[in-house]
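> Got a structure for you, questions after.
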Amino acid sequence: MLVPSTISPRADDCTPAQHEALRAYCARYVEQPVWYRDPLLFALVLAGDKPAADITAHEFAFPNHRWAPHRGLFELCELFDLSTRRIGPGVASDWFVAPNGGRLDLLPSTDKTVGNLAWHRRLGTILGYPPSAIEFFATTPPGERTQPSDLVRTGQFSPQEIAYTRFVFYVHDDSIERYEQAIEEGKQMRDRFSTLQQRWNLPALNQIATGVYEAGVEALAELANRPHQDSVV
């Protein structure tokens, strides 16, 4: 499971301005032809379930800042007293968000280099990933990891089961036992989004979670029927 934040939740007592900004932000993702997980990650930071997240400032999400969408993300974060930071020059649209600026001060100062285990370990810790997941990600090349679609193809899990791992938000070890745990964690996280949408009166959050899950089921079912080299989900 994710390591929770030590800071109080930011959205439990929303002002009208905060609620409207959050509602508009999520609603714009519902309107898209594909499902992004950024609002889900943002919600977990606001709820105190995640100490930090890597958020992309998509142009469509901030129409008042179409040429500089990160400024729209800054405004949204400022409303909730969240800090923002980026690693090195980075990509202008990709930012780290946290309720505690001190946590973001610990971010690596430069972009990662191939084989830099310390870089991955530091970043994973800042984002609240479990130590075992951080170690697996840092030491296991992508080509050596078992993909979810491989497990669907071999009949270990159904697409409906393994699509719940879309809500885990980090790369865990690829043992069958760990996938079973990840599926249960994903189900709990899916329920968490339902709870948050009720608490915050934010139906779009639940729509996004449903869309992410259903898109995962569809993609896994399709990829399971492709040759092994095409399996990436």
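The values are calculated or read from the model by the stated rules, or taken from the named source; none is laboratory data. Bear in mind that the values here come from a model prediction, so they are computed numbers and not experimental data. Methodologically, a virtual Cβ is constructed for each residue, glycine included, from the backbone with ideal geometry; neighbour enumeration extends over all protein chains shown. The protein model used for the area step is the full one, side chains on, heavy atoms only, and it has no ligands, DNA or RNA in it. Shrake-Rupley method; radii C 1.70, N 1.55, O 1.52, S 1.80 Å.
> Among the candidates Tyr25, Tyr36, which residue alone is of a type outside the set (D, E, K, R), outside any helix (DSSP H, G or I) and under 26 Å from Asn206 (Cα atoms)?
Details: Tyr25 fails: outside any helix (DSSP H, G or I).
Exactly one residue qualifies, and that residue is Tyr36.
> If you take the residues in the stretch 41-75 that are open to solvent by less than 10 Å² (accessible area, probe 1.4 Å), outside any loop (DSSP other than H, G, I, E, B) and not aliphatic (A, V, I, L, M), which one is modelled with the lowest pLDDT?
Looking at the filtered set, the residue picked out is Gly72.
> Can you report the number of residues in the stretch 115-142 which are closer than 21 Å to Asp105 by Cα and either more than 19 Å from the chain's Cα centre (by Cα) or not in a loop (DSSP other than H, G, I, E, B) (or both)?
13
> Just name the residue that is least open to solvent (accessible area, probe 1.4 Å) out of those in the stretch 131-168 that are over 25 Å from Pro39 (Cβ atoms) and among the basic types (Lys, Arg).
Among those residues, the one meeting the criterion is Arg145.
> Give me a count of the residues in the stretch 164-183 that are part of a helix (DSSP H, G or I) and touching a residue at least 12 places away in the same chain (Cβ under 8 Å).
Qualifying residue count, the stretch 164-183: 8.
> Within the stretch 190-213, can you find the residues that are assigned to a helix (DSSP H, G or I) and touching a residue at least 60 places away in the same chain (Cβ under 8 Å)?
The answer is Arg192, Phe193, Leu196, Arg199, Ala204, Leu205, Gln207, Ile208, Ala209, Gly211, Val212.
> Another one. Regarding Gly186, is this residue assigned to a loop (DSSP other than H, G, I, E, B), open to solvent by less than 50 Å² (accessible area, probe 1.4 Å) and either within 19 Å of Asp38 (Cα to Cα) or touching a Ser or Thr at 6+ places or on another chain (Cβ under 9 Å) (or both)?
no
> Based on what the data block shows, is Val152 modelled with pLDDT under 95, in contact with a Pro (Cβ under 6 Å, 6 or more places away or on another chain) and assigned to a loop (DSSP other than H, G, I, E, B)?
On the way: modelled with pLDDT under 95: yes; in contact with a Pro (Cβ under 6 Å, 6 or more places away or on another chain): yes; assigned to a loop (DSSP other than H, G, I, E, B): no.
Against the criterion (modelled with pLDDT under 95, in contact with a Pro (Cβ under 6 Å, 6 or more places away or on another chain) and assigned to a loop (DSSP other than H, G, I, E, B)), Val152 does not qualify.
> Can you pull out every residue in the stretch 30-40 that is under 14 Å from Ala209 (Cβ atoms) and either over 14 Å from the mean Cα position of the chain (by Cα) or loosely packed, with under 15 Cβ neighbours inside 10 Å (or both)?
Val30
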